[in-house]
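The values are calculated or read from the model by the stated rules, or taken from the named source; none is laboratory data. In this text the structure is predicted, and so the values were computed from the model without any measurement. FYI the Cβ positions are ideal-geometry reconstructions off the backbone, even for glycines, and counts take in every protein chain you see. Protein only, heavy atoms only, side chains kept; ligands, DNA and RNA dropped before computing areas. Shrake-Rupley method; radii C 1.70, N 1.55, O 1.52, S 1.80 Å.
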Amino acid sequence: MKVLFAGGGTAGHINPALSVADYMKEHEEDFEALFIGTERGLEKKLVPADGYKIKYIDIRGFDRKHLLKNISVLYKLQKSESDCKKIIKEFKPDAVVCTGGYVSGPVAIAANKMHVPAIIHEQNVYPGLTVKGAEKYVDYVAVSFEETIQHMKHADKCVVTGNPIRSEILHADRETARAELGLSDKPFVLVFGGSLGAAKINDTMIKVIKKLTADNQISLLFGTGDRNYAVVTEQLKIEGIELTDDIKVVPYINNMSTVMAAADVVVSRAGAITVSEIAALAKPSILIPSPNVVRNHQEQNAREFERCNAAEVITEDVLTPDLLYDKIMETALNKQRLADMSKNVKKLAKTDALEQIYDLVKKLVNK
C-alpha cells in the first residue's frame, strides 16, 4: 500500500500523520509513505527524523486580519495544487491521508482531481478552515468528537475516530521511563508550551523556576520551543537563576513519550493532540489554553477536563508566576489529588483512533 500524507506547520498536525504512517507500516507488508509539507514548518524536522521521505510545496494559510494579503495566498494555492498533482502522478498513491493545516488543502483538491481516494482528519471540536474547505473533496472526514459533525456540510462522510495517538505514547511505562531519565523519588513536572513554544508560558516559568530551585522539592523539565530558548536562558542568567540537576530547561523535547510517561504532572497548552495524549497516559495536568486559536477550542478542551476533575485550568488573562507555582506545588505534592485526577482523566481517553483510521483507508483502497 502506498499512502501520501499531508499535514504541517505544528506538531499538532504532523504527529497524527506520523502516528498513522507508523501504524500502517506495522500492519502492511509492502507499505510506502510519502509526506507533503512546507519548508517553514516543523515537518521539515520531524518527518525525516521518523524515517519518511517528504516533498515540499509553497503554501500559506489565509490571513483573516489582512485580506489583501490573501491575493498572494490564492496564487500559491493554485501553484501548490499543480505541484501536488505532479507529486501524485509520480508517486502513484493508493490513498491520501490529510491531518489538517493549510498544506492539506491543495493536496485534497489535487487528489480529488486525480481520482485518488482521500481522508482528512479533524482534531478539534470545531473544524478548521482547511477541513471545512476540503470536506467536499475527500471520501471520509475522520473527527475526534461527535459534536464536530454538527458543523460539517457533509455529515454523511464523517466518522468519529478520536485523535491518533502515537504508539510509543500508548505503550509507554512510567517506571521504565523514570529509570531511563534517572529521576529521583521527587515529583516530576513536565512543562511545555507546544511544539513552537509559548511566550506567555515562558515568561511566567522564569520566575516559577526561581522559586522551584530555592525549594528543591520537585524535579522539572521545561521545553521552551526552539525559537524562544535563547531568550529564556538569557533571562534566567539576568535573574541570577542557577539550574540544578533536578531543574532542566531545553529548547525542544525529542523524547516526549518518555518524559510524559515519567511525569507526575503535565503543564501545557490544551491542543487536541496534547490533551488526548495526557488522557491516554492518565496524567494529571495544569492546562493553559492558547487564546490565539479559532473559536477558542483549546479552552473548550481544557474546560471539559476541568469539569471531569481531571485537570486544573489557568487562562492566560489570569496567569501569573505565583498562581502557576501554587498550582504546581498543590498538585504535585498531593498524592491523593494526583490519584484522583489520574483516575478521572483516564475515563476521557480514546485509544483506538489509529486502528479506525487504518480501517477507513483500507476501505478506500479496496473499493
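From Ala6, Ala11, grab the single residue that is of a type outside the set (Lys, Arg), at pLDDT 90 or above and either crowded, with 20+ Cβ neighbours inside 10 Å or farther than 19 Å from Thr130 by Cβ (or both).
It is Ala6.
Need the failing condition index for Glu234 against (1) of a type in the set (Asp, Glu); (2) in contact with a strand residue (DSSP E or B) (Cβ under 9 Å, 6 or more places away or on another chain); (3) in a helix (DSSP H, G or I), just the number.
Unmet for Glu234, out of (1) of a type in the set (Asp, Glu); (2) in contact with a strand residue (DSSP E or B) (Cβ under 9 Å, 6 or more places away or on another chain); (3) in a helix (DSSP H, G or I): (2).
Considering only residues that are open to solvent by 40 Å² or more (accessible area, probe 1.4 Å) and not hydroxyl-bearing (Ser, Thr, Tyr), which ones fall in the stretch 240-249?
Gly240, Glu242, Leu243, Asp245, Asp246, Lys248
Any idea which residue in the stretch 27-48 is modelled with the lowest pLDDT, counting only those that are of a type in the set (A, V, I, L, M) and assigned to a strand (DSSP E or B)?
Ile36
List the number of the failed condition for Ala302; all other conditions in (1) within 19 Å of the chain's Cα centre (by Cα); (2) over 24 Å from Ile218 (Cα atoms); (3) open to solvent by 20 Å² or more (accessible area, probe 1.4 Å) hold.
(3)
Mind telling me which of the residues Gly240, Gly223 ends up being farther than 19 Å from Glu312 by Cβ, within 16 Å of the chain's Cα centre (by Cα) and of a type in the set (Gly, Ala, Ser)?
Gly223
Applying the selection to the stretch 277-305, what residues are aliphatic (A, V, I, L, M), in a helix (DSSP H, G or I) and modelled with pLDDT of 90 or more?
Scanning the stretch 277-305 gives Ile278, Ala279, Ala280, Ala302.
Counting just the residues of the stretch 164-184 that are of a type in the set (Asp, Glu) and at pLDDT 90 or above, which one comes out farthest from Thr213 (Cα to Cα)?
Per the stated criteria, the residue is Asp173.
Do you know which residues across the stretch 150-184 are in a loop (DSSP other than H, G, I, E, B) and within 23 Å of the chain's Cα centre (by Cα)?
Met152, Thr161, Gly162, Asn163, Pro164, Ile165, Arg166, His171, Ala172, Asp173
Condition first: of a type in the set (A, V, I, L, M, F, W, C), closer than 24 Å to Ala302 by Cβ and without any contact (Cβ under 8 Å) to a residue 40 or more places away in the chain. Now tell me which residues in the stretch 112-155 satisfy that.
Of everything in the stretch 112-155, those that are of a type in the set (A, V, I, L, M, F, W, C), closer than 24 Å to Ala302 by Cβ and without any contact (Cβ under 8 Å) to a residue 40 or more places away in the chain turn out to be Val131, Val143, Phe145, Ile149, Met152.
Restricted to the stretch 358-367, and to residues that are in a helix (DSSP H, G or I) and over 23 Å from the mean Cα position of the chain (by Cα), which residue is farthest from Leu170 (Cα to Cα)?
Going through the qualifying residues, I end up with Asn366.
Looking at the stretch 185-196 only, could you name the residues that are modelled with pLDDT of 95 or more and either open to solvent by 50 Å² or more (accessible area, probe 1.4 Å) or not in a strand (DSSP E or B) (or both)?
Lys186, Pro187
Does Gly162 satisfy the criteria of being of a type outside the set (A, V, I, L, M), touching a Gly at 6+ places or on another chain (Cβ under 7 Å) and touching a residue at least 40 places away in the same chain (Cβ under 8 Å)?
no
Scan the stretch 311-357 residue by residue and report those that are open to solvent by less than 20 Å² (accessible area, probe 1.4 Å), farther than 20 Å from Ser219 by Cα and assigned to a helix (DSSP H, G or I).
Val345, Ala353, Leu354, Ile357
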